[in-house]
Every structure is written in structure tokens, then in C-alpha cells.
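Rule-based calculations on the coordinates, nothing more; no lab input. Quick caveat: nothing in here was measured; it's all calculated off a predicted structure. Please note: Cβ atoms are built from the backbone with ideal geometry, for glycine as well, and neighbour counts cover all protein chains shown.
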Amino acid sequence: MAAIAIPHPPVAPRRGLSTWQTWGIILLAPYVLVFLVFVLYPVTYGLWLARHPESYHTLFEDPVFFTSVVNTIFFLLVAVNVKFLLALYLSGFFVHDRRWIRWLSVIFIIPWAAPAIPTIFSIRFMLNPEWGVINSLLFRWFQIDGPNWLTNPQLAMAMAMLVHIWKALPFWTLILMAGRLAIPKELYEAASVDGATGWQKFKYVTWPSMRTLYITSTLLSLIWTLGDFNSVYLLTGGQPADKTHVLATLGIRYIRLDQLDHAMATIVVALPFVLPLVYFMMKRLSGDEQKTS
Amino acid sequence: MTNRRLLSEAKLWLVAIPVLLWTLIPIYHIFLFSISTKDSAFSGRLWPDHPTLRNFGTVFRQEHFYLHHFWSQIWNSLWIAVATGAITLAVATGAAFAISRLKVKGGRTVMNAALFTYFIPAAFLAVPMYKAMGTYGLLNNRWSLVLAMVTLASPYAIWVLKQASDKLPWELDEAARIDGATPMQLFRLVYLPLMVPSLVAIFTYALLLAWNEYLYAFLLLSHENTIPLAVGLGHFLASDDSPWEILMATALIYGLPPVAIYYAFRGYMVGGLTSGAVKS
Amino acid sequence: MASVSFSRIEKSFGATKVLHGISLDIADGEFMVLVGPSGCGKSTLLRMLAGLEDIGSGEIAIDGRVVNEVDSKDRDIAMVFQSYALYPHLTVADNMGFSLRLRSERKDLIQSRVANAAKILNLGSYLHRYPRELSGGQRQRVAMGRAIVRDPKVFLFDEPLSNLDAKLRVAMRAEIKALHQRLKTTTVYVTHDQVEAMTMADRIAVMNEGRIEQLGEPLELYDRPANLFVAQFIGSPAMNVLEGVYRNNFIEALGARWPVSGSRAADGQRVKYGIRPEHIDLAGAGIAAEVVVVEPMGAETELLVKVADQTLTLLTHGRSSIGPGERAILAPRLEHVHLFDAATGARL
């Protein structure tokens, strides 16, 4: 066996220490500047804006806020889980080694790669109760008067979730595919020899290897779905009667009403949920850092 | 034997067809509308009676109220996207090199700060950003969107570059240093050439992020001349009887470049993405 | 070409001390090998000479000039890494000429130096290839070529042959040795393989746990190891070591009497008795043993025999007629017996 190469931890260069460290600082400075000016200052200022307790009182008394919170919770619970179950299933589909499946996966990415406005507007028009394609076809083929997809608040929320899933599914499917591809083929072959069924292979080979990735991805997706502005705003604009707002769009609504303190308060209210998740994600990534370095 | 294969192939097709339909229907719908006349668009047909390219003509000739500034808007989109890509590339490359190869003091803290920015939902950051840009006097200036997008794109960019950079063997730096390289020589002659695929991926990523952005664009820019095409498209929704078929034609024009660019560079991007935010 | 000296070098990584006051002088043009097990500190010492590690305390001098505070690039050294560390995006020629290019040397100068090094190493036909197109041995030669082009005062080698297969290693050993004889550059060579050390070195420094166990010429280390560690490290197959008690004319060990010459210890003293496999003969009279395994290697035969409950190794020239399970009589050669103090391991 070849000698174990003791990996030399990279050394911060010595004499001429000043040159190397100086360049390090010079090259790091632009990003630090960006961070200070465009993240730290705005966030601090924003939190300062959100310091008045009255903002929260009026916020909690606003019925729109309550609806938004309920909507957001539903959105997160349903959309994220449905999306991930689909991603889990489809990731298994897309790893099959066929040329046509590879082509399909290339097409499958389009919803995610394409910008939101064209696609979400397209869906919006498809769902128009009067002249949208869906209702027209429903009438023409089945003589049914299609429902008010976007003017019934519950239906509209469901449609927004669908839009979100449509757009986000490809990305997470890709991630889970990578997770599946990392599982050595021999494990499946051994399971086959041992007589395992498809479901058993999933339960005893696939899932244990994928579990961590699945959970971490779900948590990250929770954070990002919480911030999904486009799916709701471009589909319904929060209407009808501000009944389809989620926290992400609510903040902007308050900006539009020139109530900046309420906008900030909305965000602050979501923080106790967001920050622990963010902290957890950061720890996971730094943890992986330590392991691989 | 062949029967079993046929059955398993059939099962695959059973999944493939709904997936294909699900993916392409909204896309097809954009296309459908853009080649339809006003009447056939609203008739709910699957294929227009008289397919036409007239809508595109209307767009290119700026012949509608909402289209008067089409060309300057598309130019803004392009300008903002390229500027974001270039500046993100510059900022992130330097930062990743400093953190990964030069092991600069405080590198881990900066990396953590960047990660924090990456995980926080952009929609949440939008409100304070809007206020801050106001304070800086940058509202309605294209630079505000560029800098906001750079702020949002850099963290992921630095992360991806750092991951790629960590894979380069340390002996290369040591060999270069013994060969007599200064930090800049190491950066220029050894580091950058070896990072080209990741640099392409990052540039593309930032470019697309800026081109596709809507929320920040409409918060920070409002003047007819500064708004990018995304915001211009949003204006169509202001009235109820806007010409939707023209909107869809414009939207198609707007949506084509990012998809094309993504497909051109997807080889570079997929690697970066799957090793990016989430590790198994 | 230059001399190198280490004076009382100490180094700690965090709370762990890895070098305990190493002092070593290397003469101009000498091929010095630092050898020892993993973690003994040899690589650390080399890297400190290269300027890649901080010096804890002590001084390193090249050609009389203290280089503690001098940057790697100003020390006029060249290093060959275990993993070759070739720039993947540069051709062989560009790899070799890289250091000159950094100094903005003239193109014709770079070309001639590269061509010269390529000739010495037989790389002429590979100059336009990329590292990924080369085999391990070829890459190692390119790495050496890069070092030669530098024309430095000192060559540093950090386990350069560890990644090569056995046959290639033997061939490369000879090449490196021939290179040294031709260029006569001072060379510091680090390896864990004592065969490399024995075949290539002018002098060897055997290191263990941050200390130099013995410094000397290869045969000196072989014939007169200063302690148990060196005795068992140098030589393959390794020396047989038995625990015993010194009596005036013999050693009591494993229930038998083992011959020893001279009076080197006190009666009743606990000692370690060392005898190399190649120094035990099969004879008519001696110590009884049972043959366990016979390993015929063609030119030699390795025998594993059992005395009491310890297995010993014998190396005999030619074939052996003896088979497993049979009785053998061992006769250690008196002049090659080594005695070490059981407690300290020092040579007696």
C-alpha cells in the first residue's frame, strides 16, 4: 500500500506574511463592503424601524394579517411536502438509464429555468374563469362550468401552491437525483440477490442513504418557500380582497400602503420561525466543511 | 423476458407522459397566445384559427401603450443582467480565493455571513433593502438593482467557488510559491485557469438571477426609462382589458434568452448546483 | 550547491510537540535521506527547510545564511512533491519553465533550460503534452525537470516515489541517484522506505517521534545500529529481537542459550538480543527450532521458525531442502550479534 499522505493543512504563508495576508484582505474587501452596505445596514435599519410595539398591535388587529398567517402555514405544510414527495418519486424515475429519459429531464427543467412572469402569467390566463383554456375546455368537452379558480380564495391558494410546485419541483428533483446517484449500485444488486422487492429496496437501501439529504432539503425549502413572492403575487396579487396574501406578499402590500413599519413588523413576526432554520442550515454546511477539510 | 421489459417500459411511459404534459402545458400556452389574434386567444382554443406573427411585430415596433419603451426596457434588462454577472464574478472570485487559498483571517466569519444572506428569503430582505436604497439615494437608478442583485447572488457564488477551489490540491500553491509566485501571479496564472468552469457557472447564475428578477426590480425602479422588461410586463396587469396576446408575445421574447442561456451552459451549472446548497 | 544546517529545531502543532531539538548538518553536494515512520517529523523538517512551515524555535541555514525569515521563493531551493503537484492546465514544457516565467526571464533562456532538463530526463517527446496524458513515472520526471530548471542550491524530495508501483520505484530510484551524481546538487530526501534510504543516501538520519535516532552512512546504520529502533527499522526482513538475560558467555532467551562475544553487560542484566535473518545459519549444533513456513524466492529462501513461542525469520541464500514442520538447528553468527539494553534500547 502506498504511504498515507499526511494531508498538510494549508499554511498561511509566512514572511512576506504581509504581502499574502494583505492581498487576502484586498480581495475579500469588495464582498465585505457589499455585505456591510447592502445587508448589515439595511437589516439593522429595518429592525430599528420595527421597534414600535404599536406596529405589532395594529398588525395583529388587521384581519388581513391573520388570513396571511393561516395561508402561509397551509402553503408551507402542503406545498413543501407535496413537492418533496413528488421530487422523491420523480428522482427515482429520472435516474433510469435511458436516452429518452435524459431528454425528458432536460425538458423537465424548463419551469425552473424560465422566468416567473411569462410562466405564471400563462397559468394565470389559463385559469381565467371566463376565457381561460381550462374552463373553456371543461365546458366544451364535459359541459361543466369550471369553478372560479382565482376568485375563490381557497381555490386560488391551492392554485398558488400548484404554481409554486410547478416552478420549484425541477430544482429539488435534481438535488434528490444527485443523492440517489451517490448510492452505490452494488447495494441494490445485493438487495436483489437477497430477494428484496422494489418497495423493500427503497425502504432499506434508498431511504436510509437519502434521508439526511431529504430532510435538509425540506428545511431549506421551507425557508425559501416562505419567501416565495412570485407564486402568489403574479397569480392573484393577493386578491380577492387581500384574502390570498402570504407573509412574503404582505410585506410588500404594506410598502404599497406606505406603512413601512408594518412591513418590517410582518417580517419580524416570521423571524422566530426562519432564524432557527437558517441557523440549522448554516451549522450543517459548516459542519460538512469541517468533515471534508 | 421481452414481456417483462415491455411492462417496465410501459410503467416508465405512464410516468413520463403526465410529467411531459405537466411541464409543457403552461409553456405551450404562452406560445399559443403569442401567435393568436385577440379573438381566438380568448376563445379557449388549443390552436388558433389563424396563427399569426403579427403580435411580435407589434412588440418590436412598440405599437402599444404598454410597449412604448419596449426596446429601452429590454436594454435595461440586458444591461442590469450583464453588470450583475460581471460584478458578482469579480467580487465572488476574489473573496473565494482569499478565503480558500490565502486563508485570510476572518474568512470563516465572512463565509458564514454570506451563507446567512443566502438562506434568508430574498423577499424578506427586500423591504429593508428598499428603505436603504432610498436612504442612499439610489432609487430609480439602475445601479440599485444591480447592487441588490450582486448582494443576493454573491453568497451562493462565493460558496460554489469555495467548494470548487477547495478541491484543488494544496501542493499546487506550494509548488507555485516555491517557484517564486507572488499572490497575484498565483491568482492569475494558476487559480483562475483552473476555475474556468465554475466561473462560467457563476456568471451565468448571476446573469439569469438578475434577468429573471421581478420583486426587487419593481420595488427599486419605477421610472419608465429605468425599468427592466420584467417590470414592464407587470404593468400590463394594471388594466383588465389589456391585450393579453401581446403580453404573451412580449413574455415569450423575455423568457427565451434565459432558457436558451441556461441550456447552453447547463453542463457548467448542474455540477455547481447539486454540490451547492445542500450536501448529502 | 550549498550546505544546509538545522540547529536545535523545535516545532509544535498546537499542544503536540513534533520536533524536539533537531540539529543536523548537511554538507555541500551531499545526498541526505531523512527516514522514519509516519509522524516522526521528517516531512515537517523538510517543509520548514522549504519555507512552507513556520519554525518553532531554532535556526535553519542554507550556505551559511540563516533563512528563518526568508520567503520560500528567495531560498533558491526546488521541491519535488509526493503528488508531483504539476499544473494541470500547463503543458510539460510550461510546467518546467513556470518558475522562470514568473521571473519574466527571456523566452529563449526558458526554452534552452527546459530543453536541457528534458534531455537529462528523457522528456523530449513529451514537452507538448499535458500532465493528465502522462503516466505516474513520467509525471514524476516532469516534477524533477521543473526542479532542475530552477538550478537551485538544494533539491528537496518529499516521498516522491510513494505513489508509484514497486517496479517503477526501483527504476526511479536509480534515476534519481544518477541525477544526483551528475548534477551534484545538495539533496534532502524524505521517505518512509528504508530500502530507498539505504540505496540512495550518502548519509541517513533515522528519525522517530521528533528525534534523530541515528545519523550515519547506510552501512554504518546497518552494521552498528545505535539503538533498538534503528536496528529494527533498517534492514529487510527486519532484525529478529529476543528478550533475555545476560549471562557471562551467553544470553538466556526463549529457554535456550544464545551465543554472544565479549563482555558487554553485567551478569543478570536484562537485555534484548538482536540478530538479522541473513546472519542465522542452519547448522548441526545450536538452538532447536521448528520450521513453520518456507518462502522460496528463487535466489533466497525466507524461513519462519518457532523457538518456544516466538517466531523468528531466517534468510538463506539459494534453495533450502528443509520443509514445514521439520526441526531446524539455528546457529547465529557471533560477529553479527547485537545487544541492547532492555530498558533503554541503547546499544551495549
Taking every residue in C:97-103, how many Cβ atoms of other protein chains lie within 10 Å of its Cβ, on average? 5
For the A:ARG98, C:ARG103 Cβ pair and Förster radius 56 Å, calculated FRET efficiency rounded to 0.05 is 0.50
Inter-chain shielding metric for B:165-172, i.e. average beta-carbon neighbours from other chains within 10 angstrom, reads 5
I need B:ILE158, C:ILE110 ordered by Cβ neighbour count within 10 Å, fewest first. C:ILE110, B:ILE158
Centroid-to-centroid separation of the stretch A:68-134 and the stretch C:55-117 [C-alpha atoms, Å]: 56 Å
Magnitude of the Cβ-charge dipole of the stretch B:38-172, K/R +1 and D/E -1, about the Cα centre, nearest 20 debye? 360 debye
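Would you mind giving the average projected area, over all directions, of the Cα convex hull of the protein assembly as shown in nm² with one decimal?
Convex hull of Cα atoms, orientation-averaged projection: 51.6 nm².
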When the charge dipole of chain C is computed with +1 on Lys and Arg Cβ and -1 on Asp and Glu Cβ about the Cα centre, the Cα farthest towards its positive end, among C:SER23, C:GLY97, C:SER261, belongs to C:GLY97
The stretch B:114-200, relative contact order [Cα under 8 Å, separation at least 6], %: 34 percent
DSSP-assigned coil residues among GluC sites (Glu not before Pro) in the stretch C:1-95, each with at most 12 further Cβ atoms within 10 Å: C:GLU69
Cross-link pairs beyond the 19 Å C-alpha cut-off, checked among C:LYS153/C:LYS177; A:LYS83/A:LYS185; B:LYS105/B:LYS162; C:LYS11/C:LYS42: A:LYS83/A:LYS185
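Given +1 on the Cβ of Lys and Arg, -1 on the Cβ of Asp and Glu, and no further charges, what dipole in debye does chain A carry about its Cα centre, rounded to the nearest 20?
Details: 21 positive and 15 negative charges, 196 e Å.
Taking the Cα centre of chain A as origin, the dipole is about 940 debye.
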Quick note, the stretch B:144-211: a/c under 1.5 would make it rounded; otherwise a/b > b/c is prolate and the rest oblate (a ≥ b ≥ c, C-alpha gyration tensor); here it is prolate
Using the Cα gyration tensor of chain B, with a ≥ b ≥ c the square roots of its eigenvalues, what is the shape: rounded (a/c below 1.5), prolate (a/b larger than b/c) or oblate (neither)? oblate
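At most 16 other Cβ atoms within 10 Å and a DSSP loop assignment: could you name the trypsin sites (Lys or Arg not before Pro) in the stretch C:271-348 that fit?
Details: sites: C:LYS272, C:LYS306, C:ARG319, C:ARG327, C:ARG333, C:ARG347; in loops: C:ARG319, C:ARG333.
Listed in order of number, the matching sites are C:ARG319, C:ARG333.
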Would you mind listing how long the stretch A:63-292 runs along its three principal axes, going by Cα atoms, in whole Å with the largest first? 62, 52, 27
Would you mind classifying the stretch A:24-170 by shape? Square roots of the alpha carbon gyration tensor eigenvalues, ordered a ≥ b ≥ c; an a/c under 1.5 is rounded, otherwise it is prolate if a/b is larger than b/c and oblate if not. oblate
Most exposed first, judged by fewest Cβ atoms within 10 angstrom, C:GLU213, C:GLU105 run C:GLU105, C:GLU213
Excluding residues fewer than 8 positions from C:LYS272 in its own chain, the lysines with Cα under 24 Å of it are C:LYS306
Count the net charge of all other residues whose Cβ sits under 15 Å from the Cβ of A:ILE26, scoring Lys and Arg as +1 and Asp and Glu as -1. +4
Taking the Cβ-Cβ separation of A:GLN239 and A:ASP194 as r and a Förster radius of 41 Å, what is the calculated FRET efficiency to the nearest 0.05? 0.10
Cα pairs beyond 32 Å in chain C, in percent, come to 43 percent
Most exposed to least, judged by fewest other Cβ atoms within 10 Å, A:MET126, C:MET297 sort to C:MET297, A:MET126
Dividing the mean separation of Cα pairs under 8 Å (6+ apart) by the residue count of chain B yields a relative contact order in percent of 30 percent
Find the relative contact order for the stretch C:4-226 and round it to a whole percent, using C-alpha pairs within less than 8 Å whose residues are 6+ positions apart. 31 percent
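Step by step: find N for the stretch C:240-341, compute 2.2 N^0.38 Å, then divide the Cα radius of gyration by it. What's the final number? Before the final figure, lay out the partial values.
Working: Rg = 13.7 Å, N = 102, 2.2 N^0.38 = 12.8 Å.
Dividing the Cα Rg of the stretch C:240-341 by 2.2 N^0.38 Å gives 1.07.
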Roughly how many Å is it from the Cα centre of the stretch B:186-250 to that of the stretch A:165-230, as a whole number? 31 Å
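Based on the Cα atoms of the stretch A:109-203, what semi-axes does the equivalent ellipsoid have, where each is the square root of 5 times one gyration tensor eigenvalue, given in whole Å with the largest first?
On the way: eigenvalues 330, 65, 24 Å².
Semi-axes (√(5λ), whole Å): 41, 18, 11.
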Those helices of chain A passing the 20 Å axial Cα length cut-off and the mean Kyte-Doolittle cut-off of -1.0 (DSSP H runs only) are A:17-35, A:153-181, A:207-226, A:260-292
Along the charge dipole of chain A, Cβ charges K/R +1 and D/E -1, which of A:HIS96, A:THR249, A:ILE120 sits furthest on the positive end? A:HIS96
